[in-house]
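Contents: one structure, followed by commentary.
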Amino acid sequence: MLRPEVLHDHNELNDLAIDVSRIREDFPVLTTLVKGRPLVYLDNAATTQKPRSVIERICRYYESENANIHRGVHHLSMMATEAYESVREKVRAFINAREPREIVFVRGTTEAVNLVARTYGAVNVGPGDEVLITAMEHHSNIVPWQMLCEEKGARLRVIPITDRGELVLDAVPNLLSQRTKLVSITHISNALGTVNPVAEIIRLAHERGIPVLVDGAQAVAHMPVDVQELDCDFYAFSGHKIFGPTGIGVLYGRADLLEAIPPYQGGGDMIASVTFEKTTYNEIPYKFEAGTPNIAGAIGLGAALDYVQSVGLDKIARYENYLLKYATERLSSFDDIQIIGQAPEKAALISFNLHGIHPHDVGTILDQYGVAVRTGHHCAQPVMDRFGVPATVRASFAFYNTTHEIDVLVEALGKVREVFK
Amino acid sequence: MTASPDLRELYQEVIIDHTKRPRNFRRLDNADRKAHGVNPLCGDKVEVFVKMNGDVIDEVTFHGAGCSISTASASLMTQVLKGKTLAEAREIFEKFHDLVTGKAKDPDFQKKLGKLLVFSGVCEYPVRVKCATLPWHTLKAALEGEAEKTVSTE
Ligand SMILES: Cc1ncc(COP(=O)(O)O)c(C=O)c1O
């Protein structure tokens, strides 16, 4: 069944050649009814839904390929190893890293940041040194650095943001000094939607010989990312935010940097040889992958990347931008809606507040109409403080969302007002 | 899109009224007990101030920013507890807790809750239970102890 609104998307977007109704059929969860109404899933910044191809790939792995990887001489182990390692190459190609060994599998963005803090940070950050982040980081790109700085007697410095939610670029040169040992910044803010000029910041940092980690958790599913073009030193993302499973993520690191830093955790697989006198570490990336990894997760991630590429990230970015424009126009037409984060370069995500009504109540009421949004501080309390709000409502879109769903959101917001009339 | 009937059970008129015009919403300068409560999940913050007269709650007020459920819960709590003894307050909290966690479906029992009964809809919304109990946990912390205490419902 094709709703008229979906057709409308279709017509306007003929040149984009994205067939939303076709795409929606690939995501089994989207047919779910919530309290008797069709699910309107607008919480994609928290986690994305999974296409059937990902779900089936994970099933197939467990049904016919499951074995522990590496060092196995039997058939299944070789198959599993091959499947797992082929995803490393897929990820390499996806973000255009130079070599597969620059791709480290981790649990997610959070673990990737912690890994860099505990390895690179441990040997490079000392008393009086500084780590530079931005005022719009997710807690996972704040707390690991705070912990490191506290331990080392170093200082955490912060690039401020404007009222529109953009980084104050002019402040960056002054915040970079000989004491700065690392810059760690988000590519796209999960609380504001701002797309940051990371390439520019990387250039400024590199002029001073400072490496840069980019938190790509919100970026990879929504725009093409090329780590060589960005020239970043580390890049982190989570599988579950790019239509893959939870529990798998990626840390990209420049090979020479990864080689220079110590291992993260100790255990099996990360060693070349062990005696009680001395252990020699394995080469990269295995040096950072102690223990049995999330094999099924990596394989599922591979299927997710295949899916995204079959749709095409350029098309995805254009379609989502169209959704963002549509939603922004609709929400801006109400005087009682305040949109937080109005940067000109934005991902398809809108943080907003309904005047006089707490986001938590908005979320509960929207849920009655099948609309799933996130309400709260979005793990970015400093952003909430910066804008003087305790929390926001966040609607975040993916390419399977439609303008019809945005209409449902707007209509349900009317119901919220009615309750509080 | 028709208004969902369930919603009215959660957001009863009395709750909306107390959200818009919270009672006893002020800091109490001469409080002899106070505590600070936060719900880390949603960032709700509430401060509860109590002035005792012997064993009796002479005055109780609150301040802070929260959602409708937590604001109305705090507001009604201050109304219900004024003039109650510590033992009575403790008993009311227990009953209220049973109500919002769905353990008190018995109508006879519910009658004893008086106007707090407007929170009977909360038990259908598990993630909102903490909103309703935050002011009460904070009050309990104030009554039980240190002059200033931070409680978290987590
Ligand atoms: C910008 C950003 N960074 C980091 C994270 C953390 O990702 P994960 O919880 O998958 O480790 C998130 C997830 O919400 C995010 O949005």
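The values are calculated or read from the model by the stated rules, or taken from the named source; none is laboratory data. Please read these numbers as outputs of a predicted model, since none were measured by experiment. Positions of Cβ are backbone-derived with ideal geometry, glycine not excepted, and every protein chain shown enters the neighbour counts.
Do the conditions hold for A:ALA97, that is, is it within 23 Å of A:VAL308 (Cβ to Cβ) and either within 15 Å of the ligand (Cβ to nearest atom) or assigned by TED's automatic domain parsing to the domain that holds A:THR292 (or both)?
Yes, satisfied.
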*Those residues that are surrounded by fewer than 16 Cβ atoms within 10 Å (Cβ to Cβ), of a type outside the set (Lys, Arg) and without any contact (Cβ under 8 Å) to a residue 12 or more places away in the chain, I need them from region B:88-112; list them, please.*
B:GLU88, B:GLU91, B:GLU94, B:ASP106, B:PRO107, B:ASP108
*Kindly indicate which of A:GLY121, A:GLY165, A:GLY153, A:GLY128 is in contact with a Leu (Cβ under 7 Å, 6 or more places away or on another chain) and more than 16 Å from the ligand (Cβ to nearest atom).*
A:GLY121
*Has region A:12-20 got any residue that is more than 17 Å from A:GLY312 (Cα to Cα) and either at pLDDT below 95 or in the same structural domain as A:VAL87 (by TED's automatic domain parsing) (or both)?*
yes
*Looking only at region A:135-149, count how many residues are within 11 Å of the ligand (Cβ to nearest atom) and polar (S, T, N, Q).*
2
_Looking at region A:324-375 only, could you name the residues that are within 14 Å of chain B (Cβ to nearest Cβ), in contact with a helix residue (DSSP H, G or I) (Cβ under 7 Å, 6 or more places away or on another chain) and without any contact (Cβ under 8 Å) to a residue 60 or more places away in the chain?_
A:ASN353, A:HIS358, A:HIS360, A:ASP361, A:VAL362, A:THR364, A:ILE365, A:LEU366, A:THR375
*asked:* Among (1) more than 16 Å from the ligand (Cβ to nearest atom); (2) closer than 17 Å to A:ILE242 by Cα; (3) buried (at least 21 other Cβ atoms within 10 Å of the Cβ), there is one condition A:ARG92 misses while meeting the rest; what is its number?
replied: (3)
*Does A:LEU182 meet the test of being within 23 Å of A:ALA122 (Cβ to Cβ), more than 16 Å from the ligand (Cβ to nearest atom), touching a residue at least 24 places away in the same chain (Cβ under 8 Å) and not in a loop (DSSP other than H, G, I, E, B)?*
yes
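Conditions tested, residue by residue: (1) under 15 Å from A:GLY302 (Cβ atoms); (2) β-branched (Val, Ile, Thr); (3) within 16 Å of the ligand (Cβ to nearest atom).
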site	(1), (2), (3)
A:GLU56	yes, no, no
A:TYR61	yes, no, no
A:SER64	no, no, no
A:THR81	yes, yes, no
A:ASN114	no, no, yes
*Condition check for A:ASN401: within 30 Å of A:PHE27 (Cα to Cα), assigned to a loop (DSSP other than H, G, I, E, B), among the polar types (S, T, N, Q) and more than 14 Å from chain B (Cβ to nearest Cβ)*: yes
*Looking only at region A:375-390, and only at residues there that are touching a strand residue (DSSP E or B) at 6+ places or on another chain (Cβ under 9 Å) and away from the ligand (no atom under 15 Å from the Cβ), the one that is modelled with the lowest pLDDT*: A:PRO390
*Pairs, please: C-beta under 6 Å, at least 6 apart or cross-chain, first residue touching a residue at least 40 places away in the same chain (Cβ under 8 Å) and in region A:59-86, second of a type in the set (Ser, Thr, Tyr) and surrounded by 17 or more Cβ atoms within 10 Å (Cβ to Cβ)?*
A:ILE69/A:THR81; A:ILE69/A:TYR84; A:HIS70/A:THR81
*If you scan region A:404-421, which residues turn out to be away from chain B (no Cβ under 13 Å) and among the β-branched types (Val, Ile, Thr)?*
A:ILE406
*Residue count for region B:44-62, restricted to those that are surrounded by fewer than 20 Cβ atoms within 10 Å (Cβ to Cβ) and within 14 Å of chain A (Cβ to nearest Cβ)*: 1
*Report the residue count in region A:355-386 for those that are more than 20 Å from the chain's Cα centre (by Cα), buried (at least 19 other Cβ atoms within 10 Å of the Cβ) and over 23 Å from A:ARG37 (Cα atoms).*
3
*B:GLY37 passes all but one of (1) without any contact (Cβ under 8 Å) to a residue 24 or more places away in the chain; (2) under 15 Å from B:HIS137 (Cα atoms); (3) part of a strand (DSSP E or B); which number fails?*
(1)
*Would you mind stating whether B:ASP29 is away from chain A (no Cβ under 14 Å), surrounded by fewer than 18 Cβ atoms within 10 Å (Cβ to Cβ) and touching a Gly at 6+ places or on another chain (Cβ under 9 Å)?*
no
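Please verify whether A:PRO390 is surrounded by 24 or more Cβ atoms within 10 Å (Cβ to Cβ), touching a Pro at 6+ places or on another chain (Cβ under 9 Å), facing chain B (nearest Cβ under 9 Å) and free of Cβ contacts under 8 Å to residues at least 40 places away in the same chain, treating the condition exactly as stated.
When the stated conditions are applied, A:PRO390 does not pass them.
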